[in-house]
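As structure tokens, the structure follows; a few thoughts come after it.
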Amino acid sequence: MSEAAIEIEHLQKHYGRFEALAGVSLRVPKGSVFGLLGPNGAGKSTLVKSLLTIVRPTECRGTMLGQKIGHRPTLGKVGYLPEHARFPEYLTGRQIIAYSAGLAKVPSALAKERAKRLLELVGMTEWADRKNGTYSKGMRQRVGLAQALVNEPEIVFLDEPTDGVDPGGRIEIRKIIERMRDEGRTVFVNSHLLGEVEQVADQVAIMARGKIVREGAVEELTRKEHRYEVRTLGPVPLEMKSELESKGMNVAGDTVSLVADDANGVQPLIDALRKEGAAIREIKEVRSSLEEIFMESVERQEKEVA
């Protein structure tokens, strides 16, 4: 098992009688992209803010980079882009990065060099010296991402990083996230854009009503019960349909669906189809989308609470 960047045994947060976080436990592998998903009000932002001590948790047992949550020197190794990040309208993109560098106690000469590199990284070099008030939402988000990296963090928390960014910009931000992972950083992403998370995350956790209701590697979560589909060139021969269905397979037009332990279990079907003169057009392993897993997990939690 890989070393953990974040390991939470128990995290609880109450606002009066309301329980925002109900004893959350969580493990984030070091050097991975970790996606936190959940409907509005699930507790995602409260969880992140608790880890960063922006919000004081009611109870917290856990570590970040091997140190107790809230350890100040460790927080200095963290980068953060909050949702709906706001910076002074009169500052330029370059000045926003310099401002964040000052808060992180990055020496001015080093901050200047990093600002230039980060502005290039997020595609904002051309607009670096224009005021924030003139930026589009997507441009502000790009600058926000740059300032989150100015202290060369080991862990980066990104809350809705592609919010308001055009499709081309989303692709670029995904590439930046992947680059951070390749550099050995841990990236913790909050997002409601499930497709975006599915493309970039190594592991995800799904939250509902202050609890983690599903967690694991994206590949494992989206893998169905070893289900395969075999498509033929033209409809499956009628004389085979009843026989295949009697063996528990589903036949619809040119597609046969079956459960098998692995790809070897599909071979008898392929042999039978070829024997009947059917040409095989496609064989694929069927996976659920992350959206299907998400909806199933949240709905199950809602039913349990009701």
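Quick note: the coordinates plus some simple rules give every number you see, no bench work behind them. The structure presented is a predicted model; accordingly, all values stated were derived computationally and were not measured. All Cβ positions, glycine included, derive from the backbone under ideal geometry; neighbour counts span all protein chains shown.
Using a cutoff of 8 angstrom between alpha carbon atoms and counting only pairs six or more residues apart, the relative contact order for segment 224-287 works out to 51 percent.
Computed about its Cα centre, the charge dipole of the chain is approximately 1540 debye, with only Lys, Arg, Asp and Glu carrying charge at their Cβ.
In the chain, a dipole from Cβ-located charges (positive for Lys and Arg, negative for Asp and Glu) runs towards its positive end, and of GLY76, GLY138, LEU269 it is GLY76 whose Cα lies farthest in that direction. Say a paramagnetic label sat at a point 7 Å from the Cα of GLU3, along Cα to Cβ; which residues of segment 156-189 have their backbone N under 14 Å from it? Within reach of a label on GLU3, which here means backbone N under 14 Å from a point 7 Å along Cα→Cβ, segment 156-189 contributes 184-186.
Full extension of the segment from LYS303 to ASP262, taken as 0.36 nm per residue of separation minus the current Cα-Cα distance, would add 11.4 nm. Label-to-label distance for ARG117 and LYS275 is 6.4 nm, based on points extended 7 Å past Cα in the beta-carbon direction. With the convex hull drawn over the C-alpha atoms of the chain, the volume per residue is 171 Å³.
Of the trypsin sites (Lys or Arg not before Pro) in segment 215-250, the ones in a loop by DSSP (not H, G, I, E or B) with at most 13 other beta carbons within 10 Å are LYS247.
Just to verify a number: FRET efficiency for ASP129 and THR255, C-beta to C-beta distance, R0 = 51 Å, to 0.05? All intermediate terms of the calculation are to be shown ahead of the outcome.
On the way: r = 57 Å, r/R0 = 1.12.
Efficiency, rounded to the nearest 0.05: 0.35.
In the chain, a dipole from Cβ-located charges (positive for Lys and Arg, negative for Asp and Glu) runs towards its positive end, and of LEU238, VAL48, PHE294 it is VAL48 whose Cα lies farthest in that direction. Just for the chain, what percent of DSSP beta bridges are antiparallel, to the closest 5? The antiparallel proportion sits near 70 percent.
Just want to confirm a number: the relative contact order over the chain, from Cα pairs under 8 angstrom separated by 6+ residues, in percent. This gives 20 percent for the chain.
Distance between the 7 Å Cα→Cβ label points at ALA22 and LYS241: 4.7 nm.
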